[in-house]
1. In segment 304-318, what residues are small (Gly, Ala, Ser) and loosely packed, with under 14 Cβ neighbours inside 10 Å?
2. Here are some conditions: (1) in a loop (DSSP other than H, G, I, E, B); (2) within 27 Å of residue 10 (Cα to Cα). Residue 284 meets all but one. Which one does it not meet?
3. Please list, ordered by residue number, the helices (runs of 4 or more DSSP H) wholly in segment 406-456 having 1 or more residues that are modelled with pLDDT of 90 or more and away from ligand 1 (no atom under 13 Å from the Cβ).
4. Please state which one of 250, 267 is free of Cβ contacts under 8 Å to residues at least 12 places away in the same chain, closer than 25 Å to residue 235 by Cα and not polar (S, T, N, Q).
5. Of the numbered conditions (1) in contact with an Asp or Glu (Cβ under 8 Å, 6 or more places away or on another chain); (2) in contact (Cβ under 8 Å) with a residue 40 or more places away in the chain; (3) more than 16 Å from ligand 2 (Cβ to nearest atom), residue 336 fails exactly one; give the number of that condition.
6. On the given criteria, is residue 49 at pLDDT below 90 and either in contact with a strand residue (DSSP E or B) (Cβ under 9 Å, 6 or more places away or on another chain) or of a type outside the set (A, V, I, L, M, F, W, C) (or both)?
7. Taking into account only those residues within segment 345-379 that are in a helix (DSSP H, G or I) and under 21 Å from residue 6 (Cα atoms), which is nearest to ligand 2 (Cβ to nearest atom)?
8. So if I check each of 125, 134, which one is touching a residue at least 60 places away in the same chain (Cβ under 8 Å), in contact with a strand residue (DSSP E or B) (Cβ under 9 Å, 6 or more places away or on another chain) and basic (Lys, Arg)?
Amino acid sequence: MPENKLRGIVFPKSKKTSGMTIIPMEVPDMVYIPMKQAPGEVYLPIASPGDRVKLGQLIAEAGSPRCAPIHSSVSGEIVSIDTLAANRDADELYIKIRTDGRQDLHESVVPPRIRSSYEFFEVVRSSGLLNFGRDRTPLSTVLENAADAKVDTLIVNGTESEPFLSAGGMNMLSFPGFMKDGALAIMEHLGLNRGIFAVGSDKKPAMEALKKELAGENRLELYSVRDYYPNGFDTVLIKEVTGKLLPPGKKPADLGILILDCGSVIKLGQLLDTGLPLVSRSITVDGDAIARPMNVEVPIGTHVTDLIAFCGGEKAPIRKIIIGGPITGRTIENSNYSVGKDDSALLCFSELYAKDTAESSCIRCSRCAAVCPMDLMPMRIMDAVRRSDGRAFSKLSAFSCIGCSACSYACPARIRLSERIMKAVAYFKNAGKAEGSAYPSLSSNSARVASVGTADANGAPSARRKGKGGRNAG
Ligand code: SF4
Ligand code: SF4
C-alpha cells in the first residue's frame, strides 16, 4: 500500500441528491418484509396471517447469531407469510402486511433503561440493528466480538464515497446528536478509550454539524478523510485514519480497532433515545430513469415499485436496477423486490446506461494499477491467474487485494479484474490450506498448478476451479 499517496477514483460531482434532506416516505398500502438478509440466515416468524401488528412489534426471531430479529415497519394486518418471486434467495419468506395507515406504536417501544453492559447488549440484540455497509452482521454480534477481541478504538465510517450515494452524509448532518450518543454508549460498554468519526471531506455540512456537536467532548475526534473511492474499505480507512497497515488475512480487531457504519451508530443513538427498533432505512433513490431523485426514509418491506412511484415514477423506461452503490451494489433482474435492512440505495437506469459492455483485450494502459489503493498491478496479477501461476500470484502480493473493484471500474477494456482476482485469492488460499499453510507454498506450486487446468481468455478460472468470490467481488 502506498505511503500517503492517493490511489483510487475521484468522482467529480457524482451525487445529485447531495444536500437533499431525507424525506419520510408515505406508508404504502402493502409491505413485504423479507425474512432473510444474507445467505445462511434462519428466521422464525412468530406472527401468523390474520394477526394485527403494530409499528415496532417483533414478528420474527433470529434463529442464529448471524441474524437479527425482525420487527414490523407498519401497523396493519398480516396477509400472508410466503415467498415472493424476487431477487433474493428463491426460498426466502416475506411477511406481507396490509397497512392501516395509522402507524400505531407497539407497547414494547419505550426508551430503554440500561443499568449495566449486559442490559446494553440485550437492548442492541433485540433491536434488530445491523452493522450496515459491506458488513451486514447483526450489530450485537459485532459488538460482542469486539468485546472479546479487546479493541480499544472505535472508528465510525462516514465516507460514503461511491457515486450517487448521499443518504449517509445527510443522516450525519441531520442527526449528529444521535451519532455522538450511539458512539459514546458503545465506547462506555466496550471500555474503549478512543472514538473517531471518519467523515469524507466532501461532506462539509455534516462535518460542521458534528464539529458543533462534539464541542467540549474530548473522547471523540473528527477526522476528514480524503474523498476518493474506496476510502471506506477497512484496510484503506485504517491506513488513512491511523497510519497503520492491516496485513492480508487480518481483521481490524487484530489492530485493536472496531469499525462501524455511521448509519448503524445513528440508529443506535435513536434506539437509546426512543426504543424504536430497526424498522426503516435511509435510502438514496437516483439514476437517469427516476423522475425525482431524492433521499428517502423507507419502511422496511416497501416494494420497489412503490418507492419509485414516491420518487415521481419513471422519467424513462427502466432497464437496469441496482440495489446499493454502482460499484459494490447488485443488479436485480426485475422490480419484484422489497427494501431490506441491508439496502442503502436504489439506482434505476434507462437504456442509455443499462448496456453491459462486452470485455475486450487488455491494452496495457496501466489504469488499473494507477487506481489500486493497495498499490497492486492488477493486469500482471491477471496474467498470473490466466497461467494458474500461484507463485507469481503470491509474489505480486495479490493476497492483499481487498476486492474494491476500483480496477474493474477504471479499465477501458471492461475486464472484470476485481471479481476474478478475488476468486483466484479464494482458490489459491484454499489450495494453500490443503497444503497446511496460509498461502500456497512456492515449492509445490508447479505441481499443483499443473493439476488445476486452464483459465479462459480473460483469465477467469475454469468452472471446476472456481472459488468463492469475495464479499465485494464484482
Ligand atoms: S486497465 Fe484494463 S486495459 Fe488497462 S492495463 Fe489494466 S487490465 Fe489492461
Ligand atoms: S480490487 Fe484489488 S486489485 Fe483491484 S483495485 Fe481493488 S485492491 Fe487493487
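1. Hits for segment 304-318 are 312, 313.
2. Here residue 284 clears every test but (1).
3. Here the list reads 417-434.
4. Step by step, each of 250, 267 is checked, and only 250 is free of Cβ contacts under 8 Å to residues at least 12 places away in the same chain, closer than 25 Å to residue 235 by Cα and not polar (S, T, N, Q).
5. It is condition (1) that residue 336 fails.
6. no
7. 378
8. None of the other options fit; the residue is 134.
The values are calculated or read from the model by the stated rules, or taken from the named source; none is laboratory data. Quick caveat, the model's predicted, so the values are computed rather than measured. Positions of Cβ are generated from backbone atoms using ideal geometry, with glycine treated the same way; all protein chains shown enter the neighbour counts.
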